[in-house]
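This report concerns only the one structure given below.
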Amino acid sequence: MSLVKRTVRNALVAAGAVAVLLSSTAAYSAEKVYRLKLAETWGANFPIFGDTTKSMAKMAEEMSNGRLQIRIDSANKHKAPLGVFDMVKAGQYDIGHSASYYWKGKVPNTLYFTTMPFGMVAAEQYAWFYHGGGMALMEKVYGPHNLLSFPGGNTGVQMGGWFQKEIKTVDDLKGLKIRIPGFAGEVLAKLGASPTNIAPGELYTALERRTIDALEWVGPGLDLRMGFHKIAPFYYTGWHEPATELQFLVNKRSWDRLPADLQEILRVAMRLSAYDMYIQNTHASAENWSTMKEEYPDIKVMNFPDEVMAAIRKANDELLAEQAKNDPLAKEILESQAAYLKKAREWTLIADKAYLDSQAEQE
């Protein structure tokens, strides 16, 4: 073959390759971009909780090569921190990031999917969600409202809260105005307290102005930044939220409009960002607890007295029995949680608790 012919042939091959490349690039560029809107209960740049939504959106965009883009509107923009359920259900937003127990006034059975007093710790609860039937039960609750709910990040065991006065007896709970959501609020109400739920951005002012006498928020990882230690010296250990799981709430129509691969990418991004939040909060709590001990030594870390804890446990058990008696779906959820807790806790005690006890004995 002459040099001219070889040159022409090579040019044609190269031109063909370029044409194929340009064609595939054009096809790729023409792929539809899906843009979703997410409303979160938290304010702009709220640490840990807000980091979780940003992380999820970033992963979803990167894993989809830009085909899935999620815009995040914080509470300061949409102005409805405790209205996320309604906004996502109505399709005003495609996704929400909040906590399931905030919706107990609308759909009572939603409260079981955040955490329950004296219930599972984070590892046990995640196992229940993904391997013990928890996700299917959550779908039963949210499905009739055109919603899907996914675990959205765990805080681990939360502290029992900041109190302006020491709790010495059960009588000290009577008339106590306390910010505490979920089932724990109902338990304390049964003992005479006045529980309320307040949006995160309003908590410090409410405590400072004595609109409330006490509040529970999360733990050192988030509490230090909020400044509660400046106005409430008693910091009680927890009983009410042993594994507080946030949620990603997804409008079912928005989900169904996504291609199967983008559904899976979104599912993975939500699951991984939820796990990352658990790790991040554990780290932040360790760091902030060290800071609090050094810089604010007057904080009084307290356990509730045995008499108070016995009364709380009794009220909790009585309320659970009432819930199960009055609502078949509540009964199904509670029985599932109780059975899984019994099974998982045996291993937790043999593994984690035995290890921690053995280390404490050697210190």
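Numbers for the structure displayed
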| item | result |
| --- | --- |
| Positive-end extreme of charge dipole, the chain - chosen from Ala344, Tyr34, Ala206 (charges on Cβ) | Tyr34 |
| Glu332 - accessible surface, heavy atoms, 1.4 Å probe, Å² rounded to 10 | 70 Å² |
| Extension gain, Lys106 back to Thr291 (0.36 nm per residue minus Cα-Cα distance, nm) | 62.6 nm |
| Dipole in debye (nearest 20) - the range 207-346, about Cα centre, beta carbon charges: Lys, Arg +1; Asp, Glu -1 | 300 debye |
| Percent accessible area from carbon and sulfur atoms, the chain, protein chains only, probe 1.4 Å | 56 percent |
| Matching label, volume of the Cα convex hull per residue in Å³ computed from the structure shown, candidates [x] 139; [y] 158; [z] 206 | [z] |
| Cα-Cα separations in the range 214-345 greater than 21 Å, expressed as whole percent | 63 percent |
| Span-rule helices in the chain, defined as complete DSSP H runs reaching 27 Å or more along the axis (Cα) with Kyte mean at least 1.6 | none |
| Under 18 Å from Lys343, Cα to Cα: aspartates and glutamates that are on another chain or at least 8 residues apart | Glu124, Glu332, Glu335, Asp352 |
| Residue-span extension gain [Ala90 to Ser194] - 0.36 nm each, minus C-alpha spacing | 34.3 nm |
| Cα→Cβ-extended label distance, 7 Å offset, between Asn303 and Glu202, nm | 3.6 nm |
| 1.4 Å probe accessible area per residue over the chain, in Å² | 49 Å² |
| Accessible-area order (highest first, 1.4 angstrom probe) of the listed residues Thr244, Thr282 | Thr282, Thr244 |
| Net length gained if the chain between Arg209 and Asp261 were fully extended (0.36 nm per residue, minus Cα distance) | 13.6 nm |
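The values are calculated or read from the model by the stated rules, or taken from the named source; none is laboratory data. As the structure is a prediction and not an experimental result, all values here were calculated from the model. FYI the Cβ positions are ideal-geometry reconstructions off the backbone, even for glycines, and counts take in every protein chain you see. To get the accessible areas, we keep the full protein, side chains included, count just its heavy atoms, and leave off ligands, DNA and RNA. Shrake-Rupley method; radii C 1.70, N 1.55, O 1.52, S 1.80 Å.
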